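Asks: This is the structure, below, for whatever I ask next.
The values are calculated or read from the model by the stated rules, or taken from the named source; none is laboratory data. As the structure is a computational prediction, the values presented were derived from the model and not from experiment. Neighbour counts are summed over all protein chains in view; Cβ atoms, including those assigned to glycine, are modelled from backbone coordinates with ideal geometry. Just so you know, the surface numbers come from the protein's heavy atoms only, side chains and all, with ligands and any DNA or RNA stripped out. Shrake-Rupley method; radii C 1.70, N 1.55, O 1.52, S 1.80 Å.
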Amino acid sequence: DLLARLLANENLNVIRANVKTASFESVTRTLTLPQWKDMSVELEEMLIGHEVGHALYTTMEHIDKEDFRKIQGYMNVIEDVRIEKKIKNKYPGLRKAFITAYKQLNEKDFFGIAGKDLSSGILLIDRINLYYKCGFNCGVKFTPAEMDLVRRVDRCDSMNDVYLLSQEIYAFAKEERDAKMEEMKKMRAENGEDLEELEELEFDNFMRSE
């Protein structure tokens, strides 16, 4: 608790609860930590460092934007990359904790990717999330056009950068999704299959997996 307050330079409310993962509530300035069994020192330091990064750098300036809810999941992923980079630059001693902690989470299959083919069938924004948290060696693949967007994620310096790039990645993924849907419809039509199931697919479910 003291570490969180020292890193944030403010008297944050720190609570420990039976939750799936750590979180930070910006209005009440409350940092919630999970009560995981066998939590290592490095893992706890990483969780604290990550949430303090949100406390220091994440703002709510885009919450009233018309498209905020649509791209919120995209912004969350990109903002995680931005604040982790900033907190590690501010406190270089946290770098080792982040590397060790994400390695431990990956070994425990925290992200649920064991045995999955990450080269296809995984949404772009989810692959970006895995790339920055688990590393390229976890098996994520990107096309050259996607890799250009991945590199730009790393260059986001402000919340506005995050917002604008989230819009662009969402639009990019939507265009790819529409093209794939048209291809699938064409193939089903040629095979005389029913198109109703495809037409009932909700775009938001395709664009963002849970």
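Asks: Could you go through the range 6-15 in sequence order and give the Karplus-derived ³J(HN,Hα) for each residue, using 6.51 cos²θ - 1.76 cosθ + 1.60 with θ = phi - 60°, rounded to whole Hz, and x for Gly and Pro?
Replies: 3J(HN,Hα) across the range 6-15, in whole Hz: 5, 5, 7, 6, 7, 8, 5, 7, 10, 10.
Asks: Just tell me, in residue order, which DSSP H segments of the chain are both 30 angstrom or longer along the helix axis (alpha-carbon based) and at least -1.0 in mean Kyte-Doolittle hydropathy.
Replies: Membrane-span-like by this criterion, though nothing is claimed about a membrane: 68-90, 159-190.
Asks: Still on this structure: Give me the percent of DSSP beta bridges within the chain that run antiparallel, rounded to the nearest 5.
Replies: Looking only at bridges with both residues in the chain, the antiparallel portion is about 40 percent.
Asks: What does the charge add up to near Leu3, with Lys and Arg as +1, Asp and Glu as -1, over the other residues with Cβ less than 12 Å from its Cβ? Don't skip to the answer; put the middle values down first.
Replies: On the way: positive: Arg5; negative: Asp1, Glu44, Glu45, Glu51.
Net charge around Leu3: -3.
Asks: Accessible area per residue for the range 58-131 in Å², computed with a 1.4 Å probe and the full protein assembly in place, what is it?
Replies: Accessible surface, normalised per residue, equals 55 Å².
Asks: Here's a follow-up. Thr100 to Ile15: extension gain in nm, 0.36 nm per residue of separation minus the Cα-Cα distance?
Replies: The Thr100-Ile15 span can extend by a further 28.2 nm.
Asks: Between Asp117 and Thr143, take the C-beta separation as r, use R0 = 22 Å, and let me know the FRET efficiency to the nearest 0.05.
Replies: Details: r = 16 Å, r/R0 = 0.71.
Taking R0 as 22 Å, the efficiency between Asp117 and Thr143 is 0.90.
Asks: To continue, here is another question. Calculate, in nm to one decimal, what Glu182 and Asp64 gain on full extension: separation in residues at 0.36 nm each, minus their alpha carbon distance.
Replies: Contour length minus Cα-Cα distance gives 39.1 nm.
Asks: Roll a 1.4 angstrom probe over the protein heavy atoms and tell me the percent of accessible area of the chain that is carbon or sulfur.
Replies: Numbers: 6090 of 12450 Å².
Carbon plus sulfur share of accessible area: 49 percent.
Asks: Follow-up question, since we're still on this one. Can you give the helix-only mean residue ellipticity at 222 nm for the chain, where every DSSP H stretch with n ≥ 4 adds -39500 (n - 2.57) and the sum goes over all residues, rounded to the nearest 500 deg cm²/dmol?
Replies: -19000 deg cm²/dmol
Asks: Note the listed values (i) -0.87, -1.10, -1.34; (ii) -0.60, -0.91, -1.44; (iii) -0.71, -1.05, -1.50, then indicate which one is log10 I(q)/I(0) by the Debye sum over Cα atoms at q = 0.12, 0.15, 0.19 Å⁻¹ calculated from this particular structure.
Replies: (iii)
Asks: Given charges of +1 on the Cβ of Lys and Arg and -1 on the Cβ of Asp and Glu, with all other atoms neutral, how large is the dipole of the chain about its Cα centre, in debye to the nearest 20?
Replies: Here the chain has a charge dipole of around 1220 debye.
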